[in-house]
Amino acid sequence: MANSPYPYRVRLHGGRNVHAARDVNGGPNRTTACGYYLPAESRDHGVTPIADVECQACLREMRRGTQP
């Protein structure tokens, strides 16, 4: 996952799916591939970086980003 533009895995509060996320402008906040904004204080929803992404919108966006 080191080369992925979304190297982190998060589960939103009350959510069931694991989302792909990245830092916003190198700062403490993150955004998911499907467009959710995660302020720094929501970090407690992080999961292991090797968890499978379950959010279908994140998966679509990640596939779209890898196509030429």
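The values are calculated or read from the model by the stated rules, or taken from the named source; none is laboratory data. None of the values given here were measured: they were computed from a predicted structure. We place every Cβ from the backbone using ideal geometry, glycine too, and count neighbours over all the protein chains shown. All accessible areas refer to the heavy atoms of the entire protein, side chains included, with ligands and DNA or RNA removed. Shrake-Rupley method; radii C 1.70, N 1.55, O 1.52, S 1.80 Å.
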> Any idea which of (1) among the basic types (Lys, Arg); (2) assigned to a loop (DSSP other than H, G, I, E, B); (3) open to solvent by less than 70 Å² (accessible area, probe 1.4 Å) is the one residue 9 doesn't satisfy?
Replying inline: (2)
> Do any residues in the range 1-14 that are under 11 Å from residue 51 (Cα atoms) have Cβ atoms under 9 Å from those of residues that are open to solvent by 90 Å² or more (accessible area, probe 1.4 Å) and at pLDDT below 90, where the two are at least six apart or on different chains, and which pairs are they?
Replying inline: 1/50; 7/1; 8/1; 9/1; 9/50; 10/43
> Could you list, in sequence order, the residues of the range 16-56 that are part of a loop (DSSP other than H, G, I, E, B), surrounded by 13 or more Cβ atoms within 10 Å (Cβ to Cβ) and touching a residue at least 24 places away in the same chain (Cβ under 8 Å)?
Replying inline: 17, 33, 34, 36, 51, 53, 54, 55
> Within the range 5-20, how many residues turn out to be within 15 Å of residue 41 (Cα to Cα) and within 8 Å of the chain's Cα centre (by Cα)?
Replying inline: 1
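Just checking, how many residues over the range 21-30 are of a type in the set (Gly, Ala, Ser) and within 13 Å of the chain's Cα centre (by Cα)?
1
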